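Below is one structure, written out as structure tokens; the observations come after it.
The values are calculated or read from the model by the stated rules, or taken from the named source; none is laboratory data. It should be emphasised that the depicted structure is a prediction, and the values quoted were computed from it without experimental measurement. Neighbour counts are summed over all protein chains in view; Cβ atoms, including those assigned to glycine, are modelled from backbone coordinates with ideal geometry.
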Amino acid sequence: MTCTEEITTILHRNFGVEPAAVRSGASLHELGMDSLALEELRVLLEERLDIDLEDVQLTSRETVGQLAAAVDEKSAR
């Protein structure tokens, strides 16, 4: 499963975001993610992918594509 697919799955299962709405250019704000949801998303991604995203700046202005790039970078290490 690709990083974007993992993000889409988590957003759908845990936050009720429709998979079709999860596009590379969609901001996390557009998907209804507030600061609490972003922190929960960070933890879920860390657990599911066994990575550390603590130093990744994650705000609702980031796009799905930016998040996927950051996760891909951490996964490559």
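Yes/no per residue for (1) under 10 Å from the mean Cα position of the chain (by Cα); (2) at pLDDT below 95:
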residue: Met1; (1), (2): no, yes
residue: Ile7; (1), (2): yes, no
residue: Arg13; (1), (2): no, no
residue: Pro19; (1), (2): no, no
residue: His29; (1), (2): no, no
residue: Gly32; (1), (2): no, no
residue: Leu44; (1), (2): yes, no
residue: Glu47; (1), (2): no, no
residue: Asp55; (1), (2): no, yes
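Go through region 57-77 residue by residue and tally those that are modelled with pLDDT of 90 or more and assigned to a helix (DSSP H, G or I).
10
Do you know which residues across region 9-41 are in contact with a His (Cβ under 9 Å, 6 or more places away or on another chain) and in a loop (DSSP other than H, G, I, E, B)?
Glu18, Val22
From the residues in region 1-55 that are under 14 Å from Lys74 (Cα atoms) and of a type in the set (S, T, N, Q), which one is surrounded by the most Cβ atoms within 10 Å (Cβ to Cβ)?
Thr4
(1) touching a Cys at 6+ places or on another chain (Cβ under 8 Å); (2) free of Cβ contacts under 8 Å to residues at least 24 places away in the same chain: which one isn't true of Asp55, the others all being true?
(1)
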